[in-house]
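One structure below.
Only the coordinates and a few stated rules stand behind these numbers; no lab work does. Computed from a prediction, not measured in an experiment: that's the story for all the values here. Positions of Cβ are generated from backbone atoms using ideal geometry, with glycine treated the same way; all protein chains shown enter the neighbour counts.
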Amino acid sequence: IVVGTKSAGDDNSISLSGKIAVNEEAVAVQASYFDGRIERLNVNYEGQEVRKGQLLGTIYSPELVAAQQELLTTVSLKQSQPQLYQAVRNKLKLWKLSENQINAIESSTKVTEYFPVYATVSGTVSEVMSAEGDYVKKGQPIVKVSNLSTVWAEFDAYETQLSQLKKGQRISITTNAYPNKTFNGKISFVDPVLNNATRTVTVRATLANQNEQFKPGMFVTGKIQNDKNFSDESKLWVPSSAVMWTGERSLVYIKVKPDEPVFEMREVMLGVRNGEQLEVISGLNSGEEIVANGTFSVDAAAQLQGKKSMMNKAGGKTRTGHEGHLGMQPQEDSNSSEDQMKMTLPDTFQKEFEKGFPAYLKLKDALVASNSKQAAIHAKATLEIWQRPNFSDLGTMERAHLDKSIEMLEAITKAGKLEDQRSHFVILNANMVAIAGELKDLGNALYVQQCPMANSNKGAVWLSAEKEIRNPYYGDAMLTCGSVIDSLR
């Protein structure tokens, strides 16, 4: 597209990815009020419902047995030494024994060996912190109870979005569990501290949850209508699909000469984001032509030829490991022609290559779940599909991408560590996504997604069948870190 020919559009909205979390303001820790041994624990698993006053368990406490004996001794002295008698009763009250319990001990003249522990709040057990037979100290946690009548919806907002977010803004929330329903809330908290690892800030909304339709850990999407005016014609806007992010840089490909299909990578500085449009503060001029779709395919081809690319700022001759023996000698100039970068994929190859996508997506999901064993299984399944046909009619560039993809699948299958599998997955995607970008008439849409923090802040991509971000390079540590940079159909 030509920069400056399109504005940011009328959809002044911000889209954020996040998940449901426990409302930490409604969490209570049930602790032991005295030293002792847990004889019985009636709460055994997370998710168990408890009610205020419910018996949670019993504790044997030698210290409490001694205090009861002291009480029984002072009963005979309560007329002559009432202060001593009252002091002993107060000691038992500090251990959360009720007046009725103390009176029962006094009237029975018997020492109780096992003392009940009652729930002080109602809610859902979110963590069992002790077990039967454990010796606990005074104040040591036994269970953690969360009141889920309200929950938090926590979203990750990028630096470029922060100027458009503020406390009190209305936010519309949707979730896969209820696809035809929208929940409304307000931003109740914007974290004042930026997460250095993800370069994001947590934005939170508190939601009513009396019917418990929201489950902690559930993925949600938030949409915020922005009241800012983005119709200023002096600003330059580009579609988000045109921009590639790394941890430090934002990159686009521009057409160097108007009459020649030659492209060059350029670093740009971004401003605010409005829907699917990004403001460009510097690095581009109005009237310049940029690659708007399939940007990663262009970048992958440049990488293959040893030219400057997203993963290789300076350029270099060793890119995929196949250039030399396949006759693909990298060139020194940083420009890339359209003819050099365009791949030609035979119909027979496309059909066979697509058969590997279901296994590949399971591999991606296994890495999202940080399951090394399953990742190896699905990598092997993908490998077997792509190794099966004889793709003798592939061109040099196409063969290089395929061979490197197969090599990385073999490496993932053999790797014993999750970190190594994820490193191989980076290179697999750099080659495999380049091929996928040239496929035509895909049966189901695939989304090219990117995490700017992966690969030592150089950025890395992957394919997903869902638009929602589930990061395979970090798993739960940074599950929603990333963005959709292209879609394949």
inquiry  = Taking Cα Rg over 2.2 N^0.38 Å straight from the coordinates, which label in [x] 1.21; [y] 1.58; [z] 1.34 is the correct one?
reply    = [z]
key: Size of electric dipole in segment 31-144: Cβ of Lys, Arg +1 and of Asp, Glu -1, about Cα centre, debye, nearest 20   = 360 debye
Charged-residue dipole, Cβ positions (Lys, Arg, Asp, Glu), segment 347-488 about Cα centre, Debye nearest 20 = 360 debye
message = Suppose a student asked you for the relative contact order of the chain, using Cα pairs under 8 Å spaced at least 6 residues apart; what percent would you report?
response = 15 percent
inquiry  = Using Cβ contacts closer than 10 Å as the measure, can you line up Met244, Met218 from fewest to most?
reply    = Met218, Met244
ask   = If r is the Cβ-Cβ distance from Val111 to Glu212 and R0 is 35 Å, what FRET efficiency results, to the nearest 0.05?
value = 0.20
ask   = What ranking, highest mean first, results for peptides 20-28, 399-407, 423-431, 76-84 when packing means the other Cβ atoms within 10 Å averaged over each residue?
value = 423-431, 399-407, 20-28, 76-84
key: Helix 396-414 axis, angle to the chain major axis (alpha carbon atoms, nearest 10°)   = 20 degrees
Which of Gln79, Gln69, Leu92, positive extreme of dipole for segment 61-115 (C-beta unit charges) = Gln79
request  = Take each of the peptides 41-47, 472-478, average the number of other beta-carbon atoms within 10 Å over its residues, and list them starting from the highest.
outcome  = 472-478, 41-47
ask   = For Tyr85, Tyr178, Tyr360, what's the fewest-to-most ordering of other Cβ within 10 Å of each Cβ?
value = Tyr178, Tyr85, Tyr360
inquiry  = With n ≥ 4 as the cut-off for DSSP H runs, can you work out [θ] at 222 nm for the chain, using -39500 (n - 2.57) per run divided by the number of residues, rounded to the nearest 500?
reply    = -8000 deg cm²/dmol
request  = Measure nothing but the geometry: give the 0 to 90° angle between the long axis through the Cα atoms of 295-304 and the longest principal axis through the Cα atoms of the chain, rounded to 10°.
outcome  = 70 degrees
remark   = Ordered by fewest other Cβ atoms within 10 Å, a rough proxy for footprinting exposure, Leu409, Leu463, Leu72 read Leu72, Leu463, Leu409
query = Can you list the residues, at least 5 places off or on another chain, whose amide H is less than 5 Å from the amide H of Ile171, using H built in the peptide plane?
reply = Gly185, Lys186, Ile187
ask   = Mind checking the dipole of the chain: about its Cα centre, +1 per Lys or Arg Cβ, -1 per Asp or Glu Cβ, Debye to the nearest 20?
value = 1480 debye
ask   = Near Tyr60, within a Cβ-to-Cβ distance under 13 Å, what is the net charge of the other residues, with Lys and Arg +1 and Asp and Glu -1?
value = -4
